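The values are calculated or read from the model by the stated rules, or taken from the named source; none is laboratory data. Just so you know, these numbers come straight off a predicted model, no measurement behind them. Using ideal geometry, Cβ is built from the backbone for each residue, glycine included, and neighbour counts are taken over all protein chains shown. To get the accessible areas, we keep the full protein, side chains included, count just its heavy atoms, and leave off ligands, DNA and RNA. Shrake-Rupley method; radii C 1.70, N 1.55, O 1.52, S 1.80 Å.
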Amino acid sequence: MTHREILLARLDEIGRALAARPDALALIGLGSVGQDTDRLDDGSDLDFFVIVQPGAKARYIANLDWLAAVHPLVWQFQNTADGHKALMADGVFCEFAVFEPAELD
């Protein structure tokens, strides 16, 4: 698989994992894995937002088990109040944020 295919497949896997969780509402791909997939190249990472039910945000930020269930994490760092940077064991680098619907205004 190419890096492009790996990133898009991983985003799909994250979406399927979130779809199985009752407190997850949406997954939004951003940048080169969002509407700009023509920009995807070997230097691209996985940028996304996760939208969760009210009251679930803190858990998604404090515990990345939902992401590690898709592929093991070897490093993570909470870089904002809303999200993390994370490196998966196969080298896929992620930057994501978690929001509740009221924060989307």
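Values as computed for the structure displayed
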| read-out | value |
| --- | --- |
| Positions within region 59-83 being in a loop (DSSP other than H, G, I, E, B) and not hydrophobic (A, V, I, L, M, F, W, C), in sequence order | 63, 71, 72, 79, 80, 82 |
| First in region 6-22 and under 18 Å from residue 53 (Cβ atoms), second anywhere and at pLDDT below 95 and of a type in the set (Gly, Ala, Ser), Cβ under 9 Å, 6 or more apart | 15/29 |
| Within region 37-69, tally of residues that are aliphatic (A, V, I, L, M) and in contact (Cβ under 8 Å) with a residue 24 or more places away in the chain | 9 |
| All positions within region 41-58 that are in a strand (DSSP E or B) and within 14 Å of residue 8 (Cβ to Cβ) | 46, 47, 48 |
| Residues located in region 10-40, provided they are part of a helix (DSSP H, G or I), modelled with pLDDT of 90 or more, under 12 Å from the mean Cα position of the chain (by Cα) and not basic (Lys, Arg) | 11, 12, 13, 14, 15, 17, 18 |
| Any hit, region 48-59, residues being open to solvent by 50 Å² or more (accessible area, probe 1.4 Å) and over 23 Å from residue 100 (Cβ atoms) | no |
| Residues of region 56-94 that turn out to be of a type in the set (Val, Ile, Thr) and touching a Cys at 6+ places or on another chain (Cβ under 9 Å), as a count | 0 |
